[in-house]
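K.L.:
Structure in structure tokens, see below.
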Amino acid sequence: MGGCCGKNSKEAQIEKDLKSGKKPILWIVGGPGSGKGTQCTRLAQKYKLAHISSGDLLRAEVLNVLDLLKKGMIEWYEGSNGFLIDGYPREVIQGKEFEEKIGPCTKIVYFEVSDAVMKQRLMQRGKDSGRVDDNEETIANRIKIFHELSEPVIQEYASIVLTISGEQEPDDVFNQCCENLDPLFKT
């Protein structure tokens, strides 16, 4: 089944298809508490997209996130119309490496939310869920890091960024996403 390097021909073809941009790859970017996870769940369902969360991979203390993203994309390739890469890239260099090793990003969906709203949402989530990482000091640091690392990603890829206000009601955010993404998935 496998070739000399551990890849079968099907896997090699999928890698080639990913590199060629055959299926849309959407990077989902937004600060902590911006609604990325909520919207990804809905978008994945509507467009039959594989939703791959880099945050889940990072929380699992995985060393090579890029290899795991690629592995996940290969596994989900046949059953999906494209990919939502949630919370990745966090830095410009990660975006460049992704495109070099996996394939081109079709669109970046950026959920723009003010620091005050992110803080308010995360504090509420901390109360509701008991998450220890949702305290005021940690939240302020996460927001600061987001601005320092992720905003340059938005600037670098400005020509493919779709900015959506994440401060609207979740249904309004979703509808605005769909208005802009429907043309990508029309057959």
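Here's the yes/no breakdown for (1) in contact with a Pro (Cβ under 7 Å, 6 or more places away or on another chain); (2) modelled with pLDDT under 95; (3) over 13 Å from V109 (Cα atoms); (4) exposed (fewer than 13 other Cβ atoms within 10 Å of the Cβ):
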| position | (1), (2), (3), (4) |
| --- | --- |
| G2 | no, yes, yes, yes |
| K7 | no, yes, yes, no |
| D17 | no, yes, yes, no |
| G21 | yes, yes, yes, no |
| G31 | no, yes, no, no |
| K36 | no, yes, no, no |
| Q39 | no, no, no, no |
| R42 | no, no, yes, no |
| Q45 | no, no, yes, yes |
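K.L.:
Look through S114, S150 and report the one residue that is modelled with pLDDT of 90 or more and closer than 29 Å to D67 by Cβ.
P.N.:
S150
The values are calculated or read from the model by the stated rules, or taken from the named source; none is laboratory data. Keep in mind the model is a prediction, meaning the values are calculated, not measured. Methodologically, a virtual Cβ is constructed for each residue, glycine included, from the backbone with ideal geometry; neighbour enumeration extends over all protein chains shown.
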